[in-house]
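What follows is one structure encoded as structure tokens, with my remarks underneath.
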Amino acid sequence: MTLRPELSMATFSGHPTRTPVPLTALLVPRPWGGRRLARLAPSEPPAGPIGEAWFAAPGSHEAEVARQHGEPFVGHVPFARHGARLPLLAKLLDAAEALSVQVHPDDAYAERVEAHTGHLGKAEAWLILDAEPDAYVLWGWTRTVDADEVRAAVAAGCLTELLRRLPVRAGDVIVNEPGVVHALGPGILVYELQQASDLTYRLYDHGRRDARGRPRALHLGQALDVARLTPSEACAPPRPLAPGRERLAATSAFELERWRVGRDGAPAEQAWQVEPRSLELWTVLAGEARLVS
């Protein structure tokens, strides 16, 4: 497949006279990453495995635009909740190896316990872009568990046996609400939309070690504070909105849509009016597109 995330952009909500803002990629090394994202580097890419490419990242030009313009850029609803900061973060994830088993907090926990970090809670949605034939994700529990059972499974190295193993292929969508324990398996390329937060609590990490040879930290206490210990309901299927347009996910923090322009019977042109209530992030993931603003 051909990825064109360099065509990513954010829009000014409700201000059609202002041009969209191009998004730049920040490459993030991860021990589980591969090299598929290296070509997104503006110059020489980092050496070693690259796990993530962030768009609309903290500290970026886009974050400065949000700080300067506030509500007209981030939208009415996010501005009322969080002020002049980017509320969303888009990513590409190259999972060459399995990710850690992890869970994220909601906004209330982040504000109460993690206020010093400046992060929001974290809801996220994955759109699977590419997957090896036997690819899978771990998502929620196979049955109701309790905290002691989880601690014992972590100590014994068998936590993954308590988690649902879902086969995935290109086009599948997985929604990780706060509190849902989850992990990407190996051999998967993902487009992720999430709240602007890096709060991740690891329960299990396959025995990985950091650059100094020490076991990577787990966050079992925080994880059990926020994790749902009952099986999670299946993700809702995509909802058609118009020819070539469908809603893939909807959470209290964001909506994720997929548009097919000039493909699968969809019109060759799509028109839309930016809504003043929210920030919009756009990414061309296959083919090419021309934006007229």
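The values are calculated or read from the model by the stated rules, or taken from the named source; none is laboratory data. As the structure is a prediction and not an experimental result, all values here were calculated from the model. A quick note on method: Cβ atoms are made from the backbone with ideal geometry, for glycine too, and the neighbour counts reach across all protein chains shown. The area values use the complete protein model at the heavy-atom level, side chains included, leaving out ligands, DNA and RNA. Shrake-Rupley method; radii C 1.70, N 1.55, O 1.52, S 1.80 Å.
List of remarks:
- Accessible area, probe 1.4 Å, largest first, for residues 116, 61, 219: 116, 61, 219
- Built from the Cα atoms of the range 166-260, the convex hull projects on average onto 8.2 nm², one quarter of its surface area.
- Fully extended contour minus Cα-Cα distance, from residue 216 to residue 252, at 0.36 nm per residue: 9.8 nm
- Mean-square fluctuations from a GNM of the chain, with a 10 angstrom spring cutoff on Cα atoms, peak among 205, 225, 148 at 148.
- Stretching the chain fully between residue 290 and residue 161 yields a gain of 41.8 nm (0.36 nm per residue, less the alpha carbon separation).
- On the basis of the beta-carbon distance and an R0 of 35 Å, residue 35 and residue 275 show a calculated FRET efficiency of 0.40.
- Summed residue charge, Cβ within 12 Å of residue 281's Cβ, Lys/Arg positive, Asp/Glu negative: -4
- In this structure, residue 264 and residue 208 have a Cβ-Cβ separation that, at R0 = 35 Å, corresponds to a calculated FRET efficiency of about 0.30.
- Within the chain, the percentage of alpha carbon pairs spaced more than 27 angstrom apart rounds to 42%.
- Amide H contacts under 5 Å for residue 163: 142, restricted to partners 5 or more places along the chain or on a different chain, H placed in the peptide plane at 1.01 Å from N.
- The residues of the chain expose on average 50 square angstrom of accessible surface per residue, using a 1.4 Å probe on protein heavy atoms.
- DSSP-loop GluC sites (Glu not before Pro) across the range 157-262, with at most 14 other Cβ within 10 angstrom: 233
- Taking the C-alpha atoms only, the angle from helix 147-156 to the longest principal axis of the chain is near 80 degrees.
- Helical content alone sets the calculated 222 nm signal of the chain at -4000 deg cm²/dmol, taking -39,500 (n - 2.57) per DSSP H segment of four or more residues and averaging over every residue.
- For the range 30-116, the ratio of Cα radius of gyration to the globular rule of thumb 2.2 N^0.38 Å stands at 1.34.
- When you work out D = kT/(6 pi eta Rh) for the range 86-177 at 37 °C and 0.692 mPa s, using the Kirkwood radius from C-alpha pairs as Rh and the Stokes-Einstein form, the result is 212 µm²/s.
- Over the C-alpha atoms of the range 205-261, the Rg to Rh ratio, Rh being the Kirkwood estimate, stands at 1.23.
- Rounded accessible area of residue 24 (nearest 10 Å², 1.4 Å probe): 80 Å²
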